[in-house]
Amino acid sequence: MLTEKKLLNDEYAKKIFRSEDCREYVASVIAVVLNLKKEYVMENLTLINPNVNINENVKDQEVDTVYDTKENYINIEINYRNSKVSKIKNSAYIAQLYLKQVKPGEKYQIKPIVQININNYDYYKKNKFIYHSYVMEEEYHIVRDKNIEIYDINLDLLSKMDYNEIEKMNERDLKWLLYIFVCEDKRLRKEVYGGSEMMKKVNKKVEDYEQALDAYLFYDKKALDEEGIRELYLQDYQKETAKKMLKKGIPVEDIVYYTELSIDDIKQIQKEEN
């Protein structure tokens, strides 16, 4: 069954979470999730190379966003679809970040790893906005390893909230911070965030992407059917998006990056359009 819901695009979110212009925003999100002071997070926040691979033969080497805070690694993952593949990838990223710190001949000094999953779905289906997980013993609920923490954020719940509720909140509320990813109405975004200089920068990024990438910012309902049909729909959607981007004069290398089509595919589309 096709869903009517329009979903957060991971490439679009990654650019915000990796942007120096949005550094204060990223620090705010991390600070609220981990219950830290924003100023402390900002002072110690360093964006590192998203390629966490320690073995060139391993797939899925690049995380969405990863920060070093001196005390731990913060891995922010954007998950628009609840699938076995995304679960495996997220677990693999934690393992890679763990192994990356193991140096031959040296004592193990492992920084804790915190993975913040921003999901377009309710991971545990308990109608909560945020879940906090450790690796723990099943019967006695004793934490086995405090070096791994996972937070799952449920944007599906947030998307159903009335913006009037959000408008009453502030930057110490995670719902307020993340509402920008589920609100497609420019007017409402300005009403909610108009008084915040920090959010004005984030909203400016959103509007820049909306203008440059047109319909590609959010996956539409065609891309969300059963796996086989979904792939067919997604290919058509990518090609239609590429056509729109070509008409706007966007460079081919950018079209390749955002649509994940090959250069040959883009050239073929250009040929057909001409």
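Values computed for the structure shown
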quantity: Wholly within region 148-190, helices (runs of 4 or more DSSP H) carrying at least 3 residues that are assigned by TED's automatic domain parsing to the domain that holds Phe17 and over 20 Å from the mean Cα position of the chain (by Cα); calculated: 163-167
quantity: Yes/no for Tyr209 being in the same structural domain as Asn72 (by TED's automatic domain parsing), under 17 Å from the mean Cα position of the chain (by Cα) and at pLDDT 90 or above; calculated: no
quantity: Residue list for region 55-78, restricted to those being modelled with pLDDT under 90 and either touching an Asp or Glu at 6+ places or on another chain (Cβ under 6 Å) or closer than 27 Å to Val41 by Cα (or both); calculated: Gln61, Glu62, Val63, Asp64, Lys70
quantity: Filtered residues of region 144-159 (kept if farther than 22 Å from Val29 by Cβ and loosely packed, with under 12 Cβ neighbours inside 10 Å); calculated: Arg144
quantity: Pairs, first in a loop (DSSP other than H, G, I, E, B) in region 41-54, second of a type in the set (A, V, I, L, M, F, W, C) and surrounded by 15 or more Cβ atoms within 10 Å (Cβ to Cβ), C-beta under 6 Å, six or more apart; calculated: Leu45/Ala27; Ile48/Val66; Pro50/Val63; Pro50/Val66; Val52/Val63; Val52/Leu97
quantity: Subset tally (residues that are within 20 Å of Asp64 (Cβ to Cβ) and not charged (D, E, K, R)) for region 105-128; calculated: 11
quantity: Residue match in region 101-114 (condition: in contact (Cβ under 8 Å) with a residue 12 or more places away in the chain, part of a loop (DSSP other than H, G, I, E, B) and touching a Ser or Thr at 6+ places or on another chain (Cβ under 6 Å)); calculated: no
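The values are calculated or read from the model by the stated rules, or taken from the named source; none is laboratory data. Fair warning: this is a prediction, and the values are worked out from it, not measured in the lab. Heads up, the Cβs are rebuilt from the backbone with ideal geometry, glycines too, and the neighbour counts pull from every protein chain shown.
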